[in-house]
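Step one of this worksheet: look at the structure below.
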Amino acid sequence: MKFQVNLGISLAALNNPAEVLAGFSPDAYFREMELSANAVQDFKALKISRKWERIYLRDLLPKSLTQGVAEQGEKLCEGFLAQMELFTETASEAKAAGFSMDFGLDELLTKPELAPAKIKLIKRLLPLLFRNNLELGMPLRVPFSEPDMPRMYGQCLEKLADMRYGIVAEVHPHELGPDFEPEKLLRWLRFDLMQIHLIYEPDIGNHLVMKAVKPWLEYLDMITFTGPVMFCPKISDAEGFQEEVEKLRDLLTEIEKSEN
């Protein structure tokens, strides 16, 4: 198959992304990249990363700070927005296309009364997104912890009502059954998808194979998905990461040569 979707590689788990970036360049497969938001402060990493088509930042602020801030009163919300003004300006200077942040939307399934405050706070970020030309992706774990989770996220995105907001589907391939169907998993999210992340842990033997990856690429091609499919190996050391990237390139070559 010929890839129509944009592919990317995540360096967010690396202890020192600049060490890898020094000798790492876009290629025929990987044109987009994700970095940990901590790398924003690493000028060397940011300078090198500007050769990539699009850069995304994971967790501009940690979940421990963002998941409950909307319910903590106006003073804390104002402090949060002031922080976000600084961080979004820095992200823009780093040539980032967008970032992810977890507002704890999962808990709305059991505490729907929190929805107005969370939606209001997220909406207040829109001027910063426009000013700095950024997208905000909210992570949603796949497989879902509850069957109604994707429907609830879709309802939140409907209320936010702006294309600068979207969902980052954090897919854990090794937790899906052998007969998984991306179309069924994503049917409530199709029009709100911003990115697909394939998250796995090579260090414990969880390597990606064709049957875990190809169905996603085929489905996303079919719906003309424009966001990136980001490969996210949980590897912290540079040498292990570089070895895994070579394995991913071999896998993508194998998929590309396979029949539909």
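Read-outs: derived from the displayed coordinates by stated rules, not from any lab. Quantities reported herein were computed from a predicted structural model and do not represent experimental measurements. Reconstructed Cβ throughout: ideal geometry from the backbone, glycine too, with neighbour counts over all protein chains shown.
Which whole-number percent gives the relative contact order of the chain, counting Cα pairs below 8 Å spaced six or more residues apart? Averaging sequence separation for qualifying contacts and normalising by length gives 24 percent for the chain.
Only aspartates and glutamates eight or more places from K118 in sequence, or on another chain, were considered; those with a Cα closer than 16 Å are E71, E74, E78, D102, D106, E107, E158, D162. From the largest down, segment 18-119 spans 49, 27, 19 angstrom on the principal axes of its Cα atoms. What percent of all Cα-Cα pairs in segment 122-176 falls in each 5 Å bin, counting up from 0? Taking all Cα pairs of segment 122-176, the binned fractions are 4, 18, 26, 20, 14, 10, 6, 2 percent. Can you tell which of A70, A97, A22 shows the greatest fluctuation in a Gaussian network model of the chain with Cα springs below 10 Å? The residue that fluctuates most here is A22. Shown here are the Rg and Dmax of the Cα trace of segment 105-255, at 16.9, 49 Å. Helix content alone sets the calculated 222 nm mean residue ellipticity of the chain: runs of n ≥ 4 DSSP H residues at -39500 (n - 2.57) each, divided across all residues, give -11500 deg cm²/dmol.
For segment 73-194, the Cα gyration tensor yields ellipsoid semi-axes of 27, 18, 12 Å (square root of five times each eigenvalue, largest first, whole Å). Dividing the convex hull volume of the alpha-carbon atoms in the chain by its residue count gives 122 Å³ per residue. Peptides 239-251, 186-198 ordered by packing proxy, namely the average of other Cβ atoms within 10 Å per residue, highest first: 186-198, 239-251. Exceedance of the 28 Å cut-off in Cα-Cα distance is limited, within the set K51/K247; K123/K234; K211/K234, to K123/K234.
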